[in-house]
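The values are calculated or read from the model by the stated rules, or taken from the named source; none is laboratory data. All values reported here derive from a predicted model rather than from experimental measurement. Virtual Cβ from ideal backbone geometry, glycine too; neighbours counted across all protein chains shown.
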Amino acid sequence: MRRLLILVSALMLCMATASFSSAQLINGAGATFPAPLYSKWSYEYAKQTKIKLNYQSIGSGGGIKQVMAGTVDFGASDAPLGAKELKEGGLVQFPMAIGGVVPVVNIKGIAPGQMKLTGEVLADIYLGKITKWNDKRIADLNAGVALPDEKITVVHRSDGSGTTWIFTNYLSKVSPEWQKKAGFGTAVNWPAGVGGKGNEGVATYVKRIKNTIGYVEFAYAVQNKLTQTKLKNKAGSFVDPSMESFMAAAESADWKGTPGFGVILTEQAGKGAWPIAGATFILVKANPSECANAKEVLKFFDWAYKNGGAMAKALDYVPIPKNVFELMEQAWAKEVKCASQPVWGK
């Protein structure tokens, strides 16, 4: 009898410990782009609440697979899922931060923001149709800029990524030929150029090799001091990549009318909008099995929005607009349920 009591007590202790651990640790996985931001938020949140976030930066595809399999409390993706995919996966999706993909060049004598490009010219460079920096189409956009009679080395991602999804989605919108020959996705059959793994790989190529052009997320361009170009947007304005131009793209979008907030921010109509902006998204189960953990995930991102804006900006991310966050919380209360009861609410 005594042995039985000891075994029961030990079992109850294990169950209590497991419950405690579950409530004190949030597990997430997915996109590499927001990983530094989630790490910073996690550190500050743990100091205040003692609840920690374990985020695995494994790429958007991996995050989607893991949240669908139920092995993490949330997934993260830079490429939004459509209404059909969300329904089939039993998922709820919402944006958490906004950034931009920027063309970067390494050309002697060219300063950041000095070179102007249009979407059509950028697409033809990546198609391998424009091969010299002093090509007439580039020169006509950059009167007074000394362009070298040198071959363009095109750099792209060699791995599948949300950054590539955003970049090629933009090229598909501005170039029918690009759409026909390459299309868009996390990985495409590149018509020209050399590949680098990750934003880091592309940034390294561009820094080390003269007369290159590549594309990286804004934070990597800033951190690596790469030469960014201006781009002509849908409104006809040449704009620089900046937190202000990314926010202008976000504010122009129809968040309310898009299922799962899956707004694609490329080629938004705002006058000051950066044309290759994009959001990074969180995915949670609509009917989670771990009720306490599901609520902690939403509490964490609620805290992050309300308290993490300055941290986001310091790391070159743009917080989502207030009106979008208010819509998100309404969606949480309506769509995320455990045992038929709302997980989020007063």
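From the residues in region 165-215 that are out of contact with any Phe, Trp or Tyr (no Cβ under 8 Å at 6 or more places or on another chain) and polar (S, T, N, Q), which one is surrounded by the fewest Cβ atoms within 10 Å (Cβ to Cβ)?
Here the residue is 189.
Applying the selection to region 24-57, what residues are over 28 Å from residue 218 (Cα atoms), touching a Phe, Trp or Tyr at 6+ places or on another chain (Cβ under 9 Å) and assigned to a helix (DSSP H, G or I)?
48, 49
Conditions tested, residue by residue: (1) more than 25 Å from residue 149 (Cα to Cα); (2) among the hydroxyl-bearing types (Ser, Thr, Tyr).
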| site | (1), (2) |
| --- | --- |
| 182 | yes, no |
| 188 | yes, no |
| 192 | no, no |
| 197 | yes, no |
| 201 | yes, no |
| 209 | no, no |
| 212 | no, yes |
| 229 | no, yes |
| 241 | yes, no |
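Pick out, from region 97-212, the helices (runs of 4 or more DSSP H) lying fully within it that include 3 or more residues that are farther than 30 Å from residue 61 by Cα. Let's see the steps before the verdict.
Values: elements: 119-126, 136-141, 162-174, 176-181, 198-208.
Fully inside region 97-212 and qualifying: 136-141.
Using beta carbons and a limit of 6 Å, which pairs, at least six apart or on different chains, have the first residue in region 66-91 and in the same structural domain as residue 164 (by TED's automatic domain parsing) and the second one of a type in the set (Lys, Arg) and surrounded by fewer than 24 Cβ atoms within 10 Å (Cβ to Cβ)?
none
Within region 264-280, is even one residue outside the structural domain of residue 151 (by TED's automatic domain parsing), surrounded by fewer than 16 Cβ atoms within 10 Å (Cβ to Cβ), at pLDDT below 95 and part of a loop (DSSP other than H, G, I, E, B)?
yes
Quick test of your reading of the structure: residue 153 fulfils all but one of (1) assigned by TED's automatic domain parsing to the domain that holds residue 206; (2) polar (S, T, N, Q); (3) at pLDDT below 95. Name the failing condition by number.
Result: residue 153 fails condition (3) only.
Of all residues being surrounded by fewer than 17 Cβ atoms within 10 Å (Cβ to Cβ) and over 20 Å from the mean Cα position of the chain (by Cα) in region 291-305, which is farthest from residue 82 (Cα to Cα)? Just the residue, please. I'd like the intermediate steps shown before the answer.
Let us first name the residues in region 291-305 that are surrounded by fewer than 17 Cβ atoms within 10 Å (Cβ to Cβ), namely 291-292, 299, 302-303.
With the extra rule that they be over 20 Å from the mean Cα position of the chain (by Cα), the set shrinks to 291-292, 299.
Details: 291: 25, 292: 27, 299: 25 Å.
Going through the qualifying residues, I end up with 292.
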